[in-house]
Amino acid sequence: MDISKAQQAMLEKQVMKDFGIALVSASAVLALFLLLPLRPASVSPPAVAAVAAAPAPNAFANVPIAATAAIVFDLATGAPLYSKNADAQLPLASLTKLLAVYAALTELAPQTPVTISATAVQAEAPHLFRAGQVVALNDLARLTLTASLNDGAVAIIEAAAAKSSRSETELLSQTAADLHLFQTYAVNGNGLDVSTTVSGGYGSARDMARLAGALVDRAPAIALATTHASASAVSRGGTPLTVTNTDPMVGTIPHLLLSKTGYTDLAGGNLALVFDVGINHPVAVVVLGSSIEERFTDGMALVAATLAHFAGVASL
């Protein structure tokens, strides 16, 4: 489950009002930092007494995070820049769809036609498809991740499990193991709560950062589709399909490579982002166990702190 269109519109208005200016400032500071001129090689600096270098400012020292767990993970170096309960195993909600799509891509070619089953269309909203519709896997994945479609996620993992001759749970577990996601476990592909006490998927913030980065590497075009306000495709029968992004911040984060939201009663508000801070220097930001609104403010605060970190300043 994720937010309704009305809730999304309200969230987008509030997030854009509160954080748009901050992100523009963050981007400007980072750009200035990257464009600072170097000292010409022919000019010798005046001799000075040796002075101990001042420690780099900690841009994450005072970042207020409502989420139960969070991480800023440098995918280029494999090191966390910030963490809060980063290895705690928590409900994933629709972040589970990242695992379902990755699992499907290990079994099926991107252009594989996927038939929407009667079981898939019975999934709770958000949903889009009709039983019997046929959609190429890469298009189905783009639409499903962008709009957090539960029917799309069911269809994806059904097709992948059938190809692998394994159950959906076995395929998801094997995919998590292959990616060394040791805190990750899923019983369905959409992350919907199975009951009032059992989630459809569990994992840690660290695992989700690595999973998001792995999907960007394996399927950059699918991941990039989640960074736009909407996504469109056409079914094999010629039906146009268009969805709206569940993340209202996608237009404000510079060099965004992936965005995925999640929300259920058990999980609370979750968010996974991957963005570039330089040339081929991706960083993942993940928040788990926040609220439906604060997942976005948490994410924005960590993005701004990350930009400040790479600009060499304490804050923006």
Within segment 158-193, of all residues that are surrounded by fewer than 15 Cβ atoms within 10 Å (Cβ to Cβ) and among the polar types (S, T, N, Q), the one nearest to H127 (Cα to Cα) is S167
Could you identify the single residue in T196, T244 that is surrounded by fewer than 20 Cβ atoms within 10 Å (Cβ to Cβ) and under 26 Å from S173 (Cβ atoms)? T196
Filtered residue count, segment 189-217, keeping only those that are in a helix (DSSP H, G or I) and closer than 28 Å to T119 by Cα: 4
Working only within segment 98-119, note down all residues that are hydrophobic (A, V, I, L, M, F, W, C) and crowded, with 18+ Cβ neighbours inside 10 Å. L98, L99, A100, V101, A103, A104, L105, L108, V114, I116
One residue is enough: does segment 223-233 have a residue meeting the conditions in contact (Cβ under 8 Å) with a residue 60 or more places away in the chain, more than 18 Å from the chain's Cα centre (by Cα), surrounded by 21 or more Cβ atoms within 10 Å (Cβ to Cβ) and not in a helix (DSSP H, G or I)? no
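Taking the residues in segment 102-140 that are of a type in the set (A, V, I, L, M) and assigned to a loop (DSSP other than H, G, I, E, B) as candidates, determine which candidate is nearest to A155 (Cα to Cα). Give the derivation first.
Within segment 102-140, the first condition is being of a type in the set (A, V, I, L, M), and the residues that meet it are 103-105, 108-109, 114, 116, 118, 120-121, 123, 125, 128, 131, 134-137, 140.
Now restrict to residues that are assigned to a loop (DSSP other than H, G, I, E, B): 108-109, 116, 123, 125, 128, 131.
Working: L108: 13, A109: 15, I116: 6, A123: 10, A125: 14, L128: 12, A131: 10 Å.
Taking the candidates together, the pick is I116.
Going by what's in this entry, would G269 be described as outside any strand (DSSP E or B), over 21 Å from A59 (Cα atoms) and at pLDDT 95 or above? Spell out how you get there, then give the answer.
Details: outside any strand (DSSP E or B): no; over 21 Å from A59 (Cα atoms): yes; at pLDDT 95 or above: yes.
So G269 does not fit the description; no.
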Could you list, in sequence order, all residues of segment 250-266 that are of a type in the set (A, V, I, L, M) and either part of a strand (DSSP E or B) or modelled with pLDDT under 95 (or both)? L256, L257, L258
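Please find, among A229, A214, A205, the residue that is under 20 Å from I157 (Cβ atoms) and not polar (S, T, N, Q). So that I can check it myself, show each step before the final result.
Values: A229 fails: under 20 Å from I157 (Cβ atoms); A205 fails: under 20 Å from I157 (Cβ atoms).
Of the residues listed, the single one that is under 20 Å from I157 (Cβ atoms) and not polar (S, T, N, Q) is A214.
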Filter result (acidic (D, E) and touching a residue at least 40 places away in the same chain (Cβ under 8 Å)) within segment 265-299: D265, E293, E294, D298
Identity of the residue in segment 99-130, within 22 Å of the chain's Cα centre (by Cα) and β-branched (V, I, T), that ends up farthest from I222 (Cα to Cα): T106
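The values are calculated or read from the model by the stated rules, or taken from the named source; none is laboratory data. What you see is a predicted model; the values in this text were computed from it and never measured. Cβ sites come from the backbone with ideal geometry, for glycine too, and all protein chains shown count toward neighbours.
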